[in-house]
Amino acid sequence: MSLAVEISDALGTAGISAGDTVFVHSGMRGLALKLLAAGRRDGDIVKMAAAELHQGLVQATGELGTLSVPAFFYEYGRYRTPFDAATSKPDLRLGGYSALFLGLEGMRRSLCPPVSIMAVGRHASDICDTGSGYGYGSLSPWQRLTDLNAKMVFWDVSPRMATFIHHVEVLAGVPHIYNKTYDAPVTGLDGPFDGPVVSAVRYLNEKFSIVYELRRFAEALVEAGLVTSHTLGPITFHVTDFKNSERLLLDKLKADPYFLLLKPPHFTPGEIPIDGAVGDVNPNLSYRPEE
């Protein structure tokens with residue numbers, strides 16, 4: 001049995017089936033070790049591992065399936081490096097599977113570079129061709145993935161890797177993030193994009209002490225029975241879905257806006273984001289508060 005077939009069978013046991021839309025966070029270490037143990041030393045081991053994972057996912061989801069991955073291009077936000085959806089390589093820390101997508105036939109890619117998503121398959125255009133440069137929120141690919149009730153696979157990585165949580169933070173309106181605009185050039189797969197590029201980011205002011213820690217989120221998924229864990233030899237992978245994860249997280253954020261943080265931020269009364277009253281009432285307003 002080939003490794004790709006083993007992967008497909010394991011994914012099927014985990015509930016991935018034909019026609020599914022799947023978003024994949026991944027690590028290649030376990031697959032690379034399996035290939036080495038099988039005597040595969042005839043090329044780039046990470047690329048070979050990524051190819052095996054892709055073939056396994058393709059077999060599990062079939063001709064009507066859709067596969068998507070994070071394709072974040074951080075250089076755009078950090079250094080104003082122009083973004084080209086066809087050539088800008090995803091950040092190396094996203095792993096070999098995201099890198100593989102850049103050369104796949106039929107690949108589509110969304111237009112907010114710092115949180116760009118790539119997809120192939122039946123719903124690739126539905127996910128990525130939003131016509132919007134918004135990274136999160138109702139106009140973003142994350143909303144499209146939620147509307148499709150996509151499944152999330154964490155292959156050889158923890159559910160604590162879930163970038164989706166920032167989309168839910170935007171929907172909830174948590175106070176420790178703000179919407180940042182960008183002005184470096186963006187070229188999509190269909191040509192230059194002239195619309196606004198906007199993404200939610202956390203306040204970086206060190207005195208706020210905003211540090212993410214997704215352990216509670218991962219534990220809440222388990223407690224609610226919304227994530228299943230499976231193994232393929234030494235590899236552990238996890239499966240959940242967008243809609244139920246969103247419902248769970250919105251409920252947690254309703255009770256505690258800092259649920260995803262290591263600790264509540266050190267905000268100062270009178271300063272952003274709790275800057276209080278902003279001045280006298282504008283006499284030109286048609287609405288005047290009761291005195």
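The values are calculated or read from the model by the stated rules, or taken from the named source; none is laboratory data. From a predicted model like this one, the values you see are computed outputs, not experimental measurements. Cβ: placed from backbone, ideal geometry, glycine included. Neighbour counts: every protein chain shown. Side chains are part of the model used for accessible areas, which takes the heavy atoms of the whole protein and leaves out ligands, DNA and RNA. Shrake-Rupley method; radii C 1.70, N 1.55, O 1.52, S 1.80 Å.
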- Note on the structure: Output for Cβ contacts, cut-off 8 Å, separation at least six or different chains, first residue closer than 30 Å to Pro265 by Cα in region 179-205, second of a type in the set (Gly, Ala, Ser) and open to solvent by 80 Å² or more (accessible area, probe 1.4 Å), reads none
- Would you point out the residue of region 82-98, among those that are under 20 Å from Lys47 (Cα atoms) and open to solvent by 60 Å² or more (accessible area, probe 1.4 Å), that is nearest to the chain's Cα centre (by Cα)? Arg93
- Looking only at region 130-178, count how many residues are charged (D, E, K, R) and touching a residue at least 40 places away in the same chain (Cβ under 8 Å). 4
- Item | Selection count, region 130-170, where residues are assigned to a loop (DSSP other than H, G, I, E, B) and under 23 Å from Phe83 (Cβ atoms) | 10
- For residues that are of a type in the set (Asp, Glu) and touching a Ser or Thr at 6+ places or on another chain (Cβ under 6 Å), scanning just region 74-111, find the one that is nearest to Trp155 (Cα to Cα). Glu75
- Task: Hey, could you check region 43-81 for residues that are out of contact with any strand residue (DSSP E or B) (no Cβ under 7 Å at 6 or more places or on another chain) and under 26 Å from Tyr136 (Cβ atoms) and say which is least open to solvent (accessible area, probe 1.4 Å)?
- Result: Phe72
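Quick grid of which residues meet (1) open to solvent by 20 Å² or more (accessible area, probe 1.4 Å); (2) more than 18 Å from the chain's Cα centre (by Cα); (3) not hydroxyl-bearing (Ser, Thr, Tyr):
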site	(1), (2), (3)
Cys128	no, no, yes
Trp142	no, no, yes
Arg160	yes, no, yes
Glu206	yes, yes, yes
- Query: So which residues in region 206-232 are without any contact (Cβ under 8 Å) to a residue 60 or more places away in the chain, in a loop (DSSP other than H, G, I, E, B) and closer than 24 Å to Ser245 by Cα?
  - Reply: Ile210, Val211, Glu213, Leu214, Ala224, Gly225, Leu226
- Query: Going through region 109-129 one residue at a time, which ones are more than 19 Å from Leu53 (Cα to Cα) and not in a helix (DSSP H, G or I)?
  - Reply: Arg109, Ser110, Leu111, Cys112, Ser116, His123, Asp129
- Val153 vs. criteria modelled with pLDDT of 95 or more, at negative phi and in contact with a Leu (Cβ under 7 Å, 6 or more places away or on another chain): no
- Message: Checking Leu36 against (1) under 18 Å from Ala150 (Cβ atoms); (2) at pLDDT below 95: exactly one of these is not met. Which one?
- Response: (1)
